[in-house]
Every structure is written in structure tokens, then in C-alpha cells.
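**Student:** My questions all concern the structure below.
Please treat every number below as a calculation from the coordinates, not as lab data. Every value quoted in this text rests on a predicted model; they were computed, and no experiment measured them. In this analysis, Cβ positions are derived from the backbone assuming ideal geometry, glycine residues included, and neighbour counts consider all displayed protein chains.
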Amino acid sequence: MKLYEMGLQYTEISRLLEEAEGADNANATEALTIALDEIDEDMDAKLLSIAKLVESYRAEAAAIKEVAARQAKRAKAAEGHADWLANYALATMKRTGHLKIVSPELTMRLKLGTGSVEVFDEARVPDQFWRTKEIREIDRAGLRDALLAFHKAGTTSDFTVSGARLVFNEKLEIR
């Protein structure tokens, strides 16, 4: 359902949501809660209307993401064109000996970067330049599987892991 097909009360909710963007979150949330609480409608109808708003915003978000993906693709292509042209200009300047070109709009010159290390044979690098890293991290997947197995077996009260627990987040499903 489109927003224009909904009642004026929900159009007001939409306006408040859009006004709340970038505003003080606590005040905006309070104003929205009050406005939603004041809607005089059967609870099922009210919640269904809110679900329709949710779906409308999700559809809008998907459309915006699609446009953003197309724009990101165009930006990547433009960056690729710029990089290719810059590499061509650099190679041409090096080949022809033109180390600096000055015009009223811009200046071009060859410049050495700060340098990066290219290791082409690790076996020949002296020991003094090697370091050993030890990584210690929690196996979250294994911990979740163990906690979930005990939860499904109904023994959550008997099984605890110090510093960890299994948390089930609730979310609204709209189909």
C-alpha cells in the first residue's frame, strides 16, 4: 500500500519520521510515540497500518540502495578511467623526458612516493626482519553452537559459560 492510500494520521506519522532525521532522538521518539498512541483505531487495524508503513519504508530503502549501487558502479568506472589516463600520462612523461608541465589550470610533475617494500624472496630475508604474531580470539561460532545445543536440550540453567550467554533478539516479521 502506498502512503497516499493510508489515512491522514499515518501521513502525519511519516512527516514526523522525516522531520526527526538528524534531530534529537529522544524528543523525536517521544513525539512519534505520542502521535501513534493518539491514533484512535482498532488495535489490529492500527498495527496493520504500521506494518504497511514499515513495508513502504523498506521498499523506499531498497530503491535508494539500487540507485546508490548504480551510482557506485559509475563512480568506480570513472575512477578507473582517471587511473588509466593518469598512468598513461605518467608513462608518456617518463618516456619523453617531460618531467614537469605547467599551465594556468594545473601543474603536472613526476614525484617519487614514500616507498613501499616488495618482498620477492621471503627465504632470503634476514631473521631480524621477521616477527611472530600470536592471535588469541574467541571462537564465537563454537561457543554459540555449544550454548545453542544446551538451550535446545533444555539445560540452559545447568550450563553457563563465564562471560558469555546466548541472546535471542526479537524482531518483527512482516510477510
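**Student:** Please verify whether region 119-139 includes one or more residues that are part of a helix (DSSP H, G or I), surrounded by 10 or more Cβ atoms within 10 Å (Cβ to Cβ) and not aromatic (Phe, Trp, Tyr).
**Tutor:** No, region 119-139 contains no residue that is part of a helix (DSSP H, G or I), surrounded by 10 or more Cβ atoms within 10 Å (Cβ to Cβ) and not aromatic (Phe, Trp, Tyr).
**Student:** Identify, please: which residue in region 42-56 is free of Cβ contacts under 8 Å to residues at least 12 places away in the same chain and of a type outside the set (Gly, Ala, Ser) and is, among those, farthest from Ile174 (Cα to Cα)?
**Tutor:** If we take residues in region 42-56 being free of Cβ contacts under 8 Å to residues at least 12 places away in the same chain and of a type outside the set (Gly, Ala, Ser), then Asp42 is farthest from Ile174 (Cα to Cα).
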